[in-house]
Amino acid sequence: MIENIRLAFQGIWSHKLRSVLTMLGIIIGIAAIITIVSTIKGTNEQIKENLIGAGNNVVTVQLNQGGYAYDMSWSSIPSGVRVITEETRQELEDISGVEKVSLYNSRSYANMVYYKNTEFSGEIYGIDENYLSVYGYQVKSGRGFTQSDYENFRKVILVDSTAVTNLFGGESPLGQSVEIQGDVFTVVGVVALSEEFAPTINSLNDYYLYADTSSGSIYMPSAVWPTAYQFDEPQNVAIKVANTDVMASAGQAAADLLTQTQIVDPDNSDFDYRSQDMLEQAQQLQSMSESTNMQLIWIAGISLLVGGIGVMNIMLVSVTERTAEIGLKKAIGAKKKRILLQFLTEAAVLTSLGGIIGVVSGIGLAQLISAMMQIPVAIDVTAILISVVFSTLIGVIFGLLPATQAANLNPIEALRRN
Amino acid sequence: MAILKLTDICKDYQQGKEPVRVLKNINLTVERGEYLAIMGPSGSGKTTLMNLVGCLDVPTSGTYELDGKNLKDLNDDAMAEIRNKHIGFVFQHFHLMPKMDALDNVALPLLYAGVPLAERRERAAEALKSVGLEDRMNFLPNQLSGGQCQRVAIARAMVGKPDLLLADEPTGALDTKSGNQIMEIFRQLSNEGMTIIMITHEQSIAECADKIYHILDGELRTGDEEPEKGGGDSEEA
Ligand SMILES: Nc1ncnc2c1ncn2[C@@H]1O[C@H](COP(=O)(O)OP(=O)(O)OP(=O)(O)O)[C@@H](O)[C@H]1O
Ligand SMILES: [Mg+2]
């Protein structure tokens, strides 16, 4: 066998140009697959990282009506839904895997918010003391909320950097007054997602994902929320969990608990609480990009098929060329199996080599695309292994016909031709 | 006991629609250690006979015994094994592997016999030495003269210690001097007890053998009998 492989390499080396041309189909096919797979994987990992952050394992549990998130911007206070009490918050914290719980009110459209003559069209939140740390926000300038802000119902707000751009034209907002629902609030700080959790927007998908926060956000202490908006608004919940593995289960448990405790008649209400972990969203996005790329992989597969036929063609030529050699080998006692194996090995070595070259050029191409188009790539070891094994398999499959032909050659006929 | 016994061997080839009988009732017994030559004009069936004797082909009818064993209904692999173990071939055009050196060419039959590498090398070197090529072991065929190539081929035929050496016009592609060298090797092998069947066109070469057979139109006669159709075409190719 080792001898066969050595001979195969010798044969390939002595027909360099022919071998390369023969391998071309395989090389292109494998290179295309590796490039596509690397790009998919890179994009997926980025989506995942953007959404769930590096360790920012947050599950949001929101009030839903008929399956859609209930948004107070457009609706009144829902009937039959209680405000979450401190007691329930404690229960949420006791769910296994839960590290921290934050309750907050929100409007996806902050109606009647002005700075001077500019109306703010972003989101507004009424947050508790845990909110910033649950989501991984950091105070970039100014200060965060203190306990006394909450106790003394101070009309203070935090803004994020997008709001700084959109509402304050990029100037420092600290100490500025913002009118919210007729009340005057003072900006005390600017917050931003800490570096490691910050989403990067590199693709259209990312853009849509973050588009709803693109006008910026304003945060006020939950204590003053009723002053600006309404009393008795049921809160949403953000839960920080220990790790991504428990996100789904902890989120589900929290949602079930809230549905049972907060909804007055849970069995007959169209309200319920649903968890929405980012991991799940990430997976949805990933499967979407995967399915489009699967089609590309099929096309690459056709190139492999064509490559295989090319290999078969060249092997048939090679058998004809080496008729005398095969005849002599059979005359001096080589059995069919040996001849068969020799040619199969040659085909397999040829295509494997093509596969390996394909993998290398695929990786190179992926890096190039990544550098040129800012698409992230990640090399998938499994894909590489499968590619090489698959290309070997192509050699065996398409080498079978030529090899059988060689093995069945009549030694008399073969020796006569010289 | 006879090493080779052919009884009523016939061989037909399909030519167009009708079968053409190329060999007609061949009866031939060869004793161990015999050295015989077969002569005949071109197309008379010499190679066809050689292929049958060498287990490269099967007769249409008749029986073929090698070393007392009736070789009948053997499959391809069994025939390959018999060729490998019992028969050594020397061809007119040498048929050496162009990319293997002399040593590897000679060792090739041993590879198919399953002999381990070290022993293969050793025995091949020995065989090359016996044909006087110990200083050409690592030469490629295209670096050797025709006569040297044929000696490599003889070493290859002999390396497996066969019962029978078959040579189809071994001097056909060689000049007289090289041809004579080959004949000397054959004579020596014969003296050592090897059974040799040699096909040739040339009377002078045939005379090196102990016994001459003539084949004409697929019929075999011993040298003592006169061919039916007298004539020069048995001398000329
Ligand atoms: N495979 C075949 N199919 C049909 N006819 C064949 C085949 N092989 C040989 N023959 C015929 O059998 C006859 C004998 O051929 P063979 O090769 O045995 O002759 P030969 O005596 O060896 O001739 P030469 O001296 O030219 O080598 C020829 O007429 C040839 O045409
Ligand atoms: Mg002939």
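Based on what the data block shows, is A:E346 within 14 Å of another protein chain (Cβ to nearest Cβ), free of Cβ contacts under 8 Å to residues at least 40 places away in the same chain and charged (D, E, K, R)?
In short, no.
Identify the residue in segment B:92-144 that is among the polar types (S, T, N, Q) and more than 16 Å from ligand 1 (Cβ to nearest atom) and, among all such residues, is farthest from B:T47 (Cα to Cα).
Looking at the filtered set, the residue picked out is B:N138.
If B:E192 meets every condition in (1) open to solvent by 40 Å² or more (accessible area, probe 1.4 Å); (2) within 15 Å of the chain's Cα centre (by Cα) apart from one, which number is that one?
B:E192 satisfies all of (1) open to solvent by 40 Å² or more (accessible area, probe 1.4 Å); (2) within 15 Å of the chain's Cα centre (by Cα) except (2).
Might you let me know whether segment B:126-135 holds any residue that is within 23 Å of A:G333 (Cα to Cα), open to solvent by 40 Å² or more (accessible area, probe 1.4 Å) and part of a loop (DSSP other than H, G, I, E, B)?
For segment B:126-135, residues within 23 Å of A:G333 (Cα to Cα), open to solvent by 40 Å² or more (accessible area, probe 1.4 Å) and part of a loop (DSSP other than H, G, I, E, B): absent.
Can you name the number of the only condition in (1) touching a helix residue (DSSP H, G or I) at 6+ places or on another chain (Cβ under 9 Å); (2) more than 10 Å from chain A (Cβ to nearest Cβ); (3) open to solvent by 40 Å² or more (accessible area, probe 1.4 Å) that B:A155 fails?
Failed condition: (3).
Just checking, which of A:D265, A:D256 is open to solvent by 30 Å² or more (accessible area, probe 1.4 Å), at pLDDT 90 or above and more than 22 Å from A:T392 (Cβ to Cβ)?
A:D256
Being within 16 Å of ligand 1 (Cβ to nearest atom), open to solvent by 50 Å² or more (accessible area, probe 1.4 Å) and farther than 23 Å from B:E169 by Cβ narrows it down to one of B:T60, B:T47, so name that one.
The match here is B:T60.
Condition (residue is open to solvent by 50 Å² or more (accessible area, probe 1.4 Å), more than 16 Å from ligand 2 (Cβ to nearest atom) and within 15 Å of the chain's Cα centre (by Cα)) applied to segment B:67-85: is it met by at least one residue?
yes
Sort through A:A331, A:A324, A:A378, A:A348 and tell me the only one that's assigned by TED's automatic domain parsing to the domain that holds A:I27, under 21 Å from A:I302 (Cα atoms) and either hydrophobic (A, V, I, L, M, F, W, C) or open to solvent by 50 Å² or more (accessible area, probe 1.4 Å) (or both).
After ruling out the rest, the residue left standing is A:A348.
Out of curiosity, is B:P162 in contact with a His (Cβ under 8 Å, 6 or more places away or on another chain) and within 12 Å of chain A (Cβ to nearest Cβ)?
The answer is yes for B:P162.
Return the residues of segment B:10-42 that are away from ligand 2 (no atom under 16 Å from the Cβ) and either closer than 19 Å to B:G54 by Cβ or modelled with pLDDT of 95 or more (or both); say none if nothing qualifies.
Listed by number, the residues that qualify are B:C10, B:D12, B:N27, B:L28, B:T29, B:V30, B:E31, B:R32, B:G33, B:E34, B:Y35, B:L36.
Checking the condition part of a loop (DSSP other than H, G, I, E, B) and touching a residue at least 24 places away in the same chain (Cβ under 8 Å), which residue from A:L409, A:L400 passes?
When all the criteria are applied, what remains is A:L409.
How about segment B:43-64: which of its residues are within 17 Å of the chain's Cα centre (by Cα) and more than 16 Å from ligand 2 (Cβ to nearest atom)?
B:C55, B:V58, B:Y64
Quick check, is A:T404 away from ligand 2 (no atom under 16 Å from the Cβ), within 14 Å of chain B (Cβ to nearest Cβ), of a type outside the set (A, V, I, L, M) and surrounded by 15 or more Cβ atoms within 10 Å (Cβ to Cβ)?
Here the answer is yes, as A:T404 does meet what is asked.
I'm checking my understanding of the structure. Among residues of segment B:61-95 that are in a loop (DSSP other than H, G, I, E, B), on the phi > 0 side of the Ramachandran plot and touching a residue at least 12 places away in the same chain (Cβ under 8 Å), which one is farthest from the other protein chains (Cβ to nearest Cβ)?
B:G68
Any idea which residue in segment B:99-111 is surrounded by the fewest Cβ atoms within 10 Å (Cβ to Cβ), counting only those that are at the interface with chain A (Cβ under 9 Å from one of its Cβ atoms) and within 21 Å of the chain's Cα centre (by Cα)?
Looking at the filtered set, the residue picked out is B:L111.
For segment B:112-125, which residues satisfy the criterion of being open to solvent by 30 Å² or more (accessible area, probe 1.4 Å) and more than 8 Å from chain A (Cβ to nearest Cβ)?
B:G114, B:P116, B:L117, B:A118, B:E119, B:R120, B:R121, B:E122, B:R123
Got a number for residues in segment B:71-114 being small (G, A, S) and under 17 Å from B:R136 (Cα atoms)?
So the count comes out to 2.
Take segment A:68-83 and flag every residue that is at pLDDT below 80 and touching a Lys or Arg at 6+ places or on another chain (Cβ under 8 Å).
Answer for segment A:68-83, where residues must be at pLDDT below 80 and touching a Lys or Arg at 6+ places or on another chain (Cβ under 8 Å): just A:S73.
Report yes if some residue within segment B:16-24 is surrounded by 14 or more Cβ atoms within 10 Å (Cβ to Cβ), away from ligand 1 (no atom under 16 Å from the Cβ) and either more than 16 Å from the chain's Cα centre (by Cα) or within 12 Å of chain A (Cβ to nearest Cβ) (or both); otherwise report no.
Checked segment B:16-24: no residue is surrounded by 14 or more Cβ atoms within 10 Å (Cβ to Cβ), away from ligand 1 (no atom under 16 Å from the Cβ) and either more than 16 Å from the chain's Cα centre (by Cα) or within 12 Å of chain A (Cβ to nearest Cβ) (or both).
Here is a list of conditions, (1) without any contact (Cβ under 8 Å) to a residue 24 or more places away in the chain; (2) more than 16 Å from ligand 2 (Cβ to nearest atom), and B:K5 meets all of them except one; can you say which number that is?
Here B:K5 clears every test but (1).
What number of residues within segment B:9-60 are outside any strand (DSSP E or B), more than 17 Å from B:I205 (Cβ to Cβ) and in contact with a helix residue (DSSP H, G or I) (Cβ under 7 Å, 6 or more places away or on another chain)?
6
Go through (1) buried (at least 20 other Cβ atoms within 10 Å of the Cβ); (2) within 14 Å of another protein chain (Cβ to nearest Cβ) and name the single condition A:I12 misses.
(1)
Give the residue, chosen from A:F398, A:F390, that is open to solvent by less than 70 Å² (accessible area, probe 1.4 Å) and assigned by TED's automatic domain parsing to the domain that holds A:I28.
It is A:F398.
The values are calculated or read from the model by the stated rules, or taken from the named source; none is laboratory data. Computed from a predicted structure; not experimentally measured. Backbone-built Cβ (ideal geometry, glycine too); neighbour counts: all protein chains shown. Keep in mind that these areas ignore ligands, DNA and RNA; they rest on the heavy atoms of the full protein, side chains included. Shrake-Rupley method; radii C 1.70, N 1.55, O 1.52, S 1.80 Å.
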